Amino acid sequence: MLTPDRTRQDAPAAPSPTGTSLRARTSAAAKEHLRPTTLFLLVGGVVFLLDTAMYNLLVFWSPSQGWGAGLMHGTPLTAKLLTIALASCLTYLGNRLLTFADRPRPETTRSIMMFLLVNLIAAGLQLCCLAFSRYVLGLDSVLADNISGTVIGQVVSTSFRYVTYGRLVFPRR
């Protein structure tokens, strides 16, 4: 039979939040998450518009023929990868300076490495959506590319980024 160690002193237990109402807890959670979520979506929205415009110009606009088959129409994944790379740089700056500005400055090397890892995974998710539409379903129109690669792919990758940025890239410590 095990006996408790009487030489060790346990710290007093923290008061339980049972006295706090559901409304107060919900209000506190909303206050804590509303500002960063709004800023994250604002940064993401601006970068989303830039990404969409750049992709459509590369894939569907030709300087000599106008709209139709653009310079990179035959290589949409490469075009998307280029636009994601530029968008990721802008996203890092926007989120570092706005969304997570209240958090301590991370170790730059670690932060950038985690950011690159998260964005490589997110880019893979977004490219998979575009590749599925292009190469499995055989859809290559402006509408199909924008729905699969830009809208669906962006929703999937942005959700992944939101969850991981706050935990891995810009942690509270």
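The values are calculated or read from the model by the stated rules, or taken from the named source; none is laboratory data. None of the values given here were measured: they were computed from a predicted structure. Reconstructed Cβ throughout: ideal geometry from the backbone, glycine too, with neighbour counts over all protein chains shown. Protein only, heavy atoms only, side chains kept; ligands, DNA and RNA dropped before computing areas. Shrake-Rupley method; radii C 1.70, N 1.55, O 1.52, S 1.80 Å.
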Within segment 28-52, how many residues turn out to be open to solvent by less than 50 Å² (accessible area, probe 1.4 Å) and at pLDDT 75 or above? 10
Considering only residues of segment 70-98 that are loosely packed, with under 15 Cβ neighbours inside 10 Å and hydroxyl-bearing (Ser, Thr, Tyr), which is nearest to the chain's Cα centre (by Cα)? THR78
Of the conditions (1) at pLDDT below 80; (2) within 19 Å of the chain's Cα centre (by Cα), ARG6 satisfies every one except a single condition; which number is it? (2)
Out of (1) touching a residue at least 12 places away in the same chain (Cβ under 8 Å); (2) surrounded by fewer than 15 Cβ atoms within 10 Å (Cβ to Cβ); (3) closer than 22 Å to PRO36 by Cβ, what's the single condition that is false for VAL155? (1)
Within the group PHE132, PHE170, PHE160, which residue is at pLDDT 85 or above, surrounded by 15 or more Cβ atoms within 10 Å (Cβ to Cβ) and under 13 Å from the mean Cα position of the chain (by Cα)? PHE160
Find the residue count for segment 131-159, including only residues that are part of a helix (DSSP H, G or I), farther than 21 Å from VAL46 by Cα and not small (Gly, Ala, Ser). 4
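Kindly indicate which of LEU81, LEU86, LEU49 is part of a helix (DSSP H, G or I) and in contact (Cβ under 8 Å) with a residue 40 or more places away in the chain.
Details: LEU86 fails: in contact (Cβ under 8 Å) with a residue 40 or more places away in the chain; LEU49 fails: in contact (Cβ under 8 Å) with a residue 40 or more places away in the chain.
Sole residue among the options that is part of a helix (DSSP H, G or I) and in contact (Cβ under 8 Å) with a residue 40 or more places away in the chain: LEU81.
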